[in-house]
Every structure is written in structure tokens, then in C-alpha cells.
Amino acid sequence: MPKLKLIVFALLINYSLFANTQNSFEIDSKKNIKSLLTKNYENLLISKINLENYYYTNDFRPYWINEKGVKDIGLSLLNKIKNDPVLKPHVIQLFRLDEVINALNSLDKSNTKYLENLVRIDFMLTELFDRYVTYVTKGSIKWSAFEEKLTELEKETEIKASWDKYSLNKDSKLLLKKVIEKNDLSKVLDEIDFNYPQSKELVLAIGELEKISAKGGYTKIPESKSLRVGDVSQTLPFLRKRLFESNDLTVQCKNNIKNENALNEINPEIEKLSTNCENIFDEDLKNAVISFQKKHGLSSDGVVGGQTQRFLNISADKKSQ
């Protein structure tokens, strides 16, 4: 037999063996999917009926696995969820990621139940996808409770706030089929991601807060009486530093500033403090306080009272959550 014919013959045999392996895997995995859906699988995040609908839509074929194991796109989904900038503070609990990661790490090809365990991971990844799409398109806020909280805030603290909500209706099952067909998670999720106004600004703000946390957090303001324009206090350098950290104060004070109130004081300690402009509550500081108050829905009077002090002392960690 000529050499060329031998090569073609060998290629055909290899292709046939590969096709048979694929076909065998598809048949066996479908059997396992149907079996687990009827009796053995304990749901991770979504209802069994919802999970059944995913696989019914896909003719009971797996999405995230093949004869070689878990596909790269399945690992991409895990990384996407794990590193989501908005959900990150609570993502492990929200998505029970530890259970999925433990299942992945304990996969053993020599185990007689290897394929069944692989199918379980396929289920887990499908449930992760469903919950993630739900969060991205509809959000995670319980609106009735949230609106009640806003009403309470207005009554108790005179903070007036409102919230625009926007949801996107997409069939998550069709989205998943599209992800698998295109073998591209990012492009398909980009169709639904960041569908709410100023989301990119929110992500940037969270990133800035995380940087501040890594450096030790915001400067703590010592508790004091209400502070306003004209006051002289050793608390004010802390206030200035705190407002610089949040970009509310953008100018340095000038040491040639004289404070008339301070000069008229009999108290020599006050006169001593007034020689340093950082201890003086000037107009620039007032404007910075007003900027901070507006950002946080507080009464923007430029006076640092108890409520404003409490908001100034909320940690960067808490703000980013």
C-alpha cells in the first residue's frame, strides 16, 4: 500500500476512534443527567424544575464538560463570578463557591463514579450561571424592604433618597446555549452586563475604596462638638485629611489666614491653635463639608454635627460592601 494511502487510512481510524469516544461520552453523560435529575442530585442554588428546563432545552446534553473533563469555559465562569467587582464582598456565600471548588478539586478519574461526579459539576456550573445572570439582569435588592428603609431614614435622619431600578428581561437558558455555541462567555454576558446607569463609575468607586482600605482606611475623626465656619479646633486637621482622602477638599489652607473669632478669644490655647491654618474652619473647608454632605444625602449646611461625623467615620471597608 502506498505511503499516502497508509497515512489517510491511519487518520480515518483515529477520527473514527475519536468520534466513537465522543459519541460514547455523549450517550453516557445524557444517561447520568437524566438519572441525577430524577433522583440523586441535591440542588445547589436553583429549583430542580428550573435545572431540568436547562437540560431539556439542551436535549439533556452537558454544557460545561466533555470527555476530557471540565471545559475551560466552565473555569472562566467561576473566575468571572469570583472576581465580579460588585458582588465580590459576598460572592462566596451568595454562590456557595467553596462547594463548587471542593467538588472540582476532588474529581478523580479512577473513581467508578467519575462521570456522575463530572455531571454534578456540570449541574453546579449551570446553577451558578443562572444565579449570576439573575443578579446581573435583575439585581439583588429586596425592593420592598429597601423602600421601607428609605422611608425610615427620611423620618429618623431627614435623609431624602430615591432609587431608580432597571431590569433586563433575557432568557437565561437561551443565553447559556449561546455561550456554549460561541465558546465565549464574555461576549454573551456583555449583552446583559452593566445595563444600569453609572455602573462603570460604581466599579471605579469600589476599586478606589479597596485601595484606601489597603492603605489602612480613612482617617478617623475624633468625636467633638459641632464644627462650623470660624471655629478653631485641634480636630480640624483630622477633618481636613479625611476630606482630602475622599477628594471633597482639594486645596491646602494658607497660614496667613487670620481668624477674627479666634483673635477675640481670651483663651490663650485657642490663640495658639489659630496660628496654624489647619486648625481653622475656613470657607474652603465648609465647601468641602457641603460636598461630602451632598454625596451622602445629608443636610448640606456645611456644619459638621453628629450625623455628619458619623458618616465621615464609616470605614472604607463598609462603604465598599
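The values are calculated or read from the model by the stated rules, or taken from the named source; none is laboratory data. This is a predicted model, so every value here is computed, not measured. Cβ coordinates were reconstructed from backbone atoms using ideal geometry, including for glycine residues, and neighbour counts include every protein chain displayed. Just the protein is used for accessible areas: all its heavy atoms, side chains included, with ligands, DNA and RNA removed. Shrake-Rupley method; radii C 1.70, N 1.55, O 1.52, S 1.80 Å.
When the chain is fully extended, how far beyond the present Cα-Cα distance does Asn313 get from Ile49, taking 0.36 nm per residue of separation?
90.3 nm
Residue-wise, which Karplus ³J(HN,Hα) couplings in Hz belong to the range 147-155, taking 6.51 cos²θ - 1.76 cosθ + 1.60, θ = phi - 60°, and x for glycine or proline?
Per residue, the Karplus-derived 3J(HN,Hα) values read 5, 4, 5, 4, 5, 4, 4, 5, 6 Hz.
Read phi for every residue in the range 230-235 and hand back ³J(HN,Hα) as whole Hz from Karplus 6.51 cos²θ - 1.76 cosθ + 1.60, θ = phi - 60°, with x for Gly and Pro.
Residue by residue, the range 230-235 yields x, 6, 10, 7, 6, 6 Hz.
Please compute the net charge surrounding Lys220, taking Lys and Arg as +1 and Asp and Glu as -1 over other residues with Cβ under 15 Å from its Cβ.
Summing Lys/Arg as +1 and Asp/Glu as -1 gives +4.
If you count only protein heavy atoms with a 1.4 Å probe, what accessible area per residue comes out for the range 274-321, rounded to a whole Å²?
Accessible area per residue, the range 274-321: 46 Å².
Check which residues have an amide H placed less than 5 Å from Leu227's amide H, if you skip close sequence neighbours.
Counting only residues 5 or more places away or on other chains, the set is Val304, Gly305.
How large is ³J(HN,Hα), in whole Hz, for each residue of the range 210-227 in order, when computed from phi with the Karplus curve 6.51 cos²θ - 1.76 cosθ + 1.60 and θ = phi - 60°, using x for Gly and Pro?
5, 5, 4, 4, 5, 8, x, x, 5, 5, 7, 8, x, 5, 8, 5, 4, 10
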